[in-house]
Every structure is written in structure tokens, then in C-alpha cells.
Amino acid sequence: MDKNMKLEEIASYIVSNGKGILAADESTPTIGKRFATINTESTEDSRRDYREMLFRADGMKNNIGGVILFDETLRQAAKDGTPLREVISEQGALPGIKVDKGISPLDSSPEENITGGLDGLNERCAEYFELGAKFTKWRAVIKISDGLPSQEAIKANMDALADYAKIVQENNMVPIVEPEVLMDGNHSLESCEDATKRCLSTLFESLAKKNVLVEGTILKPNMVVSGNESLEQAGIQQVAEMTLNCLLENVPSNLPGITFLSGGQSDINATAHLDAMNKIGGNPWKLSFSYGRALQQAALKTWSGKQDNEQAAQEAFSHRAKMNMLAAKGEWSENLEG
Ligand code: 13P
């Protein structure tokens with residue numbers, strides 16, 4: 001892939017023709033938790049084997065435009081010695097890298113969190129660019145509960161996202177800005193809508209203040225959904241309409257792509273919501289996916305740490321990748337799930 005791709009070209013390539021992003025950037029502790037669910041030990045080799053299996057799956061082609069990696073994976077080689085980032089490029093996807101350093105409590109509101117990682121970010125980005133990364137990710141985490149999120153937490157996190165995005169663009173990579181309003185809790189759909197609107201409006205003000213190039217940025221938001229412990233769960237069409245309204249009110253039309261996180265939604269819901277939004281249509285940006293769990297869950301279970309299951313696991317992953325590509329074009333239907 002051309003080393004000198006412009007930011008706008010990278011961003012629009014990732015979301016071209018229904019393509020989306022595979023989020024495979026689980027930190028070492030997080031992938032350890034995922035492997036524990038399939039009774040598999042997390043070692044450098046087992047993490048490599050699992051991810052190599054995903055990256056070599058047929059369903060990467062034409063469905064996945066970018067893969068977000070954790071630091072370890074960007075530096076890792078496949079069993080035959082090929083760097084994993086090359087395996088990804090050969091499948092027609094661009095390698096990207098998570099650059100935030102995780103969350104810690106906010107001084108002014110200790111129940112809430114702030115994402116860190118700005119120290120030394122410029123130097124880390126310069127190295128990641130040399131290693132072939134074309135884009136990066138930073139995740140802000142916003143919690144809903146009584147009286148929360150506070151405006152301080154929103155402002156501090158959105159300002160950090162803007163500082164991050166600026167540094168990344170100065171290093172010739174596309175920043176994915178991820179303000180995730182968590183679905184954990186028994187809050188209503190309206191509370192999620194309110195928190196999401198406040199985050200997005202603050203985020204785009206902060207990005208403008210820092211002169212971040214919108215055309216060279218990708219937004220990775222949550223959808224507007226009911227809290228996962230709420231007794232009243234919104235339907236597919238309602239989620240699609242409220243999410244789109246929220247985005248249309250707050251996201252500039254020159255942003256090339258919006259790639260949703262799955263955030264704990266079931267595989268089918270994550271696909272159905274995306275499809276419903278694209279069936280409504282008429283949006284200024286591409287609406288696609290950047291799913292971690294909703295792309296990997298089925299494959300992880302099928303694999304269960306056993307080499308004999310690799311082909312079946314690749315098929316499970318390829319199926320979800322294809323279903324989400326169709327959803328990003330508004331061409332999915334439940335009977336394709338088989
Ligand atoms: P999920 O789709 O599992 O929420 O993961 C996406 C991601 O990258 C979170 O930062």
C-alpha cells in the first residue's frame with residue numbers, strides 16, 4: 001500500500017464499498033479475559049495464533065478496510081515469519097493501532113474516568129507510522145448513572161480526544177475518535193440520547209478549536225440504545241432513527257465515515273441496527289462498523305483455542321464480516337443469517 005496516502009484517502013478507503021473495521025486491539029488483560037471464557041491460556045503465541053487465524057480468513061477480503069491492533073500485534077510475525085501487518089495488507093485492509101493508555105478516575109469526579117496517553121504520544125506515533133500504521137484509535141469512556149455524565153468529564157475527555165487527533169494527523173495517520181457512552185446500567189434510551197448528544201457536540205467543538213482536519217478523521221461512536229439492564233428495550237427501528245438524528249444534529253457533513261462500536265450488543269443487533277440506518281439512507285457520511293466483540297464472538301467460541309477448529313472459526317468470522325458489509329450498504333436481511 002502506498003506509504004504516502006493522504007489522510008482523506010486513508011479515511012475514505014477504510015469505509016469504501018461497505019467495508020468496515022475489525023477492532024482486534026484488545027489489551028493483554030482484555031484478551032486474557034476473552035480467552036478465559038474459552039478456557040485458553042493467553043500467551044504471546046496463543047494471541048498470535050488467534051489473530052493470525054482472523055487476519056487470514058477469506059472474509060477479510062472486500063469486507064474489512066482496516067484492522068485496529070494492539071502494540072504487541074503490530075510488531076508480531078505470523079507462524080511463517082510474515083509480519084502480521086503484511087498479512088492484513090495482503091487482504092486489502094490497512095493496519096491501525098490503539099494509542100491510548102486506558103482510563104483512570106477523574107480528579108474532580110472520581111466515579112468518572114479520563115483516558116490517558118498524551119505523554120510521549122508524538123514519539124510513539126512517529127514509530128507506529130514507520131511500522132506501517134495508517135490510522136490510530138483513542139477511546140474515551142462515558143458512564144451514565146444518577147446525575148452523570150458530568151460536563152467536566154465530557155469536556156476533559158473530548159479535549160483529550162482533540163489533542164490526540166491533532167498529534168496523530170501531524171504524524172500522517174488518520175485518528176479514529178471514539179467517545180463511547182457505555183450501555184451498562186438501567187438507564188432509558190433518552191438518557192443515552194442526551195449523553196451521546198452532549199459528547200458529540202463537545203467533541204466537534206474541541207476538534208474545531210484544535211484545527212483537526214475533519215476530512216481526515218473517522219468517528220467511532222456508540223449507537224443510541226437502552227441501558228442493558230433496562231426493562232424497556234428500544235426496537236431496531238427506534239434505535240436506528242434516534243442514532244441517526246443524533247448524528248445529523250452534531251456531526252459535520254464533511255466527515256468521511258462513521259464506524260460504530262458494538263459495545264456489548266448481540267451480533268445480530270449490531271448488524272440489524274447498522275442495516276436499518278443505511279436503509280433509511282440519505283446521510284452525508286458513510287455509516288459502517290468498527291466492531292470488536294460483534295465480529296469476533298462467534299469465531300472465538302468456535303476456535304476455543306484448538307487448531308482443528310481454525311477453519312470453522314474462520315468461516316464464522318467471515319460470515320459476520322460479510323453480514324456487516326451488507327448492513328453498511330443497507331442490503332442485509334435476517335434470512336441471510338441461515
Ligand atoms: P466492541 O465492538 O467490542 O465494543 O469493541 C470496539 C472497540 O474497539 C472498543 O474500543
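Here's the list of aspartates and glutamates a cross-link from residue 166 could span, going by alpha-carbon distance under 17 Å and ignoring same-chain residues fewer than 8 apart: 8, 100, 119, 123, 127, 178, 205, 215. For residue 301, what charge total do you get from the other residues with a beta carbon under 14 Å from its beta carbon, if Lys and Arg give +1 and Asp and Glu give -1? Charge balance near residue 301 sits at +1. Per-residue ellipticity at 222 nm computed for the chain from its helices equals -14000 deg cm²/dmol, with DSSP H segments shorter than 4 residues left out and the rest contributing -39,500 (n - 2.57).
Please report the orientation-averaged projected area of segment 181-235, defined via the convex hull of its C-alpha atoms, in nm².
Here the figure is 4.2 nm², rounded to one decimal.
Loop-located chymotrypsin sites (Phe, Trp or Tyr not before Pro) in segment 88-139 (DSSP state other than H, G, I, E, B) with a sparse environment of at most 10 neighbouring Cβ atoms within 10 Å are absent. Within the chain, antiparallel bridges make up roughly 15 percent of the DSSP beta bridges whose residues both belong there. Which pairs in the list 155/220; 6/61; 197/279 are over 20 Å apart, alpha-carbon to alpha-carbon? Beyond 20 Å: 6/61; 197/279.
Relative to one another, the C-alpha centroids of segment 221-257 and segment 119-184 are positioned 20 Å apart. The alpha-carbon of residue 306 sits under 23 angstrom from the alpha-carbons of these lysines, leaving out residues fewer than 8 places away in its chain: 33, 79.
Tell me which trypsin sites (Lys or Arg not before Pro) from segment 46-110 have a DSSP coil assignment and no more than 11 other beta carbons within 10 Å of their own.
79
In segment 1-127, the DSSP beta bridges split such that about 35 percent are antiparallel, to the nearest 5.
Values quoted throughout were computed directly from the atomic coordinates according to the rules given, and no laboratory measurement underlies them. Since this is a predicted model, take the numbers as computed values, not measurements. Glycine gets a Cβ as well: all are built from the backbone with ideal geometry, and neighbour counts include every protein chain shown.
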